[in-house]
Amino acid sequence: MRMQHGWGAAENHFFLQYADIIREMTDGRIDITVFSDGEIVTIEELPDAVAGGMIDMGHTHPSFHSDVVPEGFFEYVPYLWENVDQVMAVLYRYGGGDTFKEAFEETFVGTHILAFQPDDYGALLFATEITSIADMAGATLNIYDPLASILDELVGISATYMSPEELYTAMALGVIDGMEWGGAKCMVDMGFHEVAKTFVMPYHVIAWTPFYFINMDLWNELPSDLQAILREGVYANGIYMRSFYAAEEEKSLKIMREAGVTITHLPEEDVEAILQLALRWLEEDFTAMSPGCARLADIAFEALRDFGRID
């Protein structure tokens, strides 16, 4: 099988580990060749490429396809969750993953989602000095909605989105002033700390929720034992992914500091201002996008009440 993911080549090791798991558990009956972002198709083309059988499997994020599957915006809502446990509960216990799976498979007919994963922290990195959101005024950021709209409303920013392989050069040349990406380990793996001055805490999205998916015709041809191995392998790979980031995060923050990057903590009032606009966006804008988005918003508010974040 050929599998392309939507991350940079520096992070191939995550997907090679999944391929190793599958090869071992199937005694070599399934051998996956891994391709990184853009090696065969662009990330935007990946779901259709898998649906059409050009590529057998893919790994992507809900948010990467929010232009056609608006439920994907849910992954980018800032400051909702306090830890990875809460994200996993929303994904697996409150039905967040099921809701997105339905929307994705209805949009990209011919695909089948294997499973979702808990992943890295989300963070902001800047080529300039940042001590508060006021310092972000006028910046051009590689960033998605809703945080893009929220920061624009609060201080005025310009938003764009580039492929992972373009970000280093764009930051180095001043094409962008900052980016929304993974945590410190992810940033260091991609070398972004070499062209940055400020890493912004707290983490604004407490774990992305990527997923593996497969061509539906191929899936239906597989015997049940191989289907189970492909699915359960995603969970095993997720443990590797999450534990890898957790173990390396503090080391990576140290590498950043040694490279001259300042670790900035936003004032509590800035975080609260962003959170309040995020809740308003969920209730007003996101809910209106689709029935699936309305279900995800309901899930978010139910979970936030259960977690004691809101009344």
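Quick note: the coordinates plus some simple rules give every number you see, no bench work behind them. Just so we're clear, the structure is a prediction, and the values are computed from it rather than from any experiment. Backbone-built Cβ (ideal geometry, glycine too); neighbour counts: all protein chains shown.
Relative to 2.2 N^0.38 Å, what does the C-alpha radius of gyration of the range 192-261 come to as a ratio? Two decimals please.
Working: Rg = 18.3 Å, N = 70, 2.2 N^0.38 = 11.1 Å.
With N residues counted in the range 192-261, Rg over 2.2 N^0.38 Å equals 1.66.
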Sequence neighbours fewer than 8 away in the same chain don't count; with that in mind, list the lysines whose C-alpha is under 25 Å from residue 251. 185, 197
For the range 158-197, max minus min Cα coordinate along each principal axis, in Å, sorted largest first? 25, 17, 16
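Based on alpha-carbon atoms only, what is the radius of gyration of the range 104-180 relative to the globular estimate 2.2 N^0.38 Å? Write down the numbers at each step before the final one.
Working: Rg = 15.6 Å, N = 77, 2.2 N^0.38 = 11.5 Å.
The value comes to 1.36.
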Stokes-Einstein at 37 °C, 0.692 mPa s, Kirkwood radius from Cα pairs: D for the chain in µm² s⁻¹? 165
In nm, give the distance between the simple-model label positions of residue 29 and residue 217, each being 7 Å from the Cα along the Cα-to-Cβ direction. 2.2
HN-Hα couplings for the range 256-262 via Karplus (6.51, -1.76, 1.60; θ = phi - 60°), in whole Hz with x for Gly/Pro, come out as 4, 4, 5, 7, x, 7, 8
Starting from the amide H of residue 201, placed 1.01 Å from N in the peptide plane, find each other amide H under 5 Å away whose residue is 5 or more places distant or on another chain. 264, 265, 266
When the charge dipole of the range 16-94 is computed with +1 at the Cβ of Lys and Arg and -1 at the Cβ of Asp and Glu, the Cα pointing farthest to the positive end, of 78, 41, 68, is that of 78
Give me the net charge of residue 25's neighbourhood, meaning all other residues with Cβ under 10 Å from the Cβ of residue 25; Lys, Arg count +1, Asp, Glu -1. -3
Förster radius 35 Å - calculated FRET efficiency between residue 40 and residue 276, Cβ distance, rounded to 0.05: 0.25
On the formula 1/(1 + (r/R0)^6), with r taken between the Cβ atoms of residue 268 and residue 305 and R0 of 25 Å, the FRET efficiency rounded to 0.05 is 0.70
Candidates 244, 15, 192, ranked by Gaussian network fluctuation over the chain, Cα under 10 Å, top entry: 244
Mind telling me which of 119, 189, 225 comes out most flexible in a GNM of the chain, alpha-carbon contacts under 10 Å? 225
About its Cα centre, what dipole magnitude does the range 70-177 give when the only charges are +1 on Lys and Arg Cβ and -1 on Asp and Glu Cβ, stated in debye to the nearest 20? 40
Which of 137, 238, 308, positive extreme of dipole for the chain (C-beta unit charges): 238
So which residue, out of 83, 220, 142, gets the largest mean-square fluctuation from a GNM of the chain using Cα contacts under 10 Å as springs? 220
Principal semi-axes in Å for the range 77-122 [√(5λ), Cα gyration tensor, largest first]: 23, 10, 10
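At 37 °C and 0.692 mPa s, what whole-number value in µm²/s does Stokes-Einstein give for the translational diffusion of the range 22-85, with Rh from the Kirkwood sum over Cα pairs? Can you show the working numbers first?
Details: Rh = 14.2 Å.
After rounding, the answer is 232 µm²/s.
Could you give the Stokes-Einstein D for the range 1-151 in µm² per second, using the C-alpha Kirkwood radius, 20 °C, 1.002 mPa s?
Working: Rh = 17.4 Å.
Taking Rh from Cα pairs, D becomes 123 µm²/s.
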Any idea what log10 I(q)/I(0) is at q = 0.24, 0.30, 0.32 Å⁻¹ for the range 2-53, Debye with uniform C-alpha scatterers and no solvent? -0.90, -1.07, -1.13
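When DSSP assigns beta bridges and you keep just the ones with both residues in the chain, what percent turn out antiparallel, to the nearest 5? Don't skip to the end; give the middle numbers.
On the way: 18 of 33 bridges.
Looking only at bridges with both residues in the chain, the antiparallel portion is about 55 percent.
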Semi-axes of the equivalent ellipsoid for the range 125-265, Cα gyration tensor, largest first, Å: 34, 19, 13
Using a 7 Å offset from Cα along Cα-Cβ at residue 1, what residues in the range 195-233 end up with backbone N under 13 Å from the label point? 212-233
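Could you give the length gained on full extension between residue 10 and residue 226, defined as 0.36 nm per residue of separation minus the Cα-Cα distance, in nm? Walk me through the numbers before you get to the answer.
Values: separation 216, 0.36 × 216 = 77.76 nm, distance 2.88 nm.
Taking 0.36 nm per residue and subtracting the Cα distance, the gain is 74.9 nm.
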So if I take the centroid of the Cα atoms in the range 1-36 and the same for the range 116-172, what is the distance between those two points in Å? 30
Amide H contacts of residue 159 (H built 1.01 Å from N, under 5 Å, at least 5 apart or other chain): 141
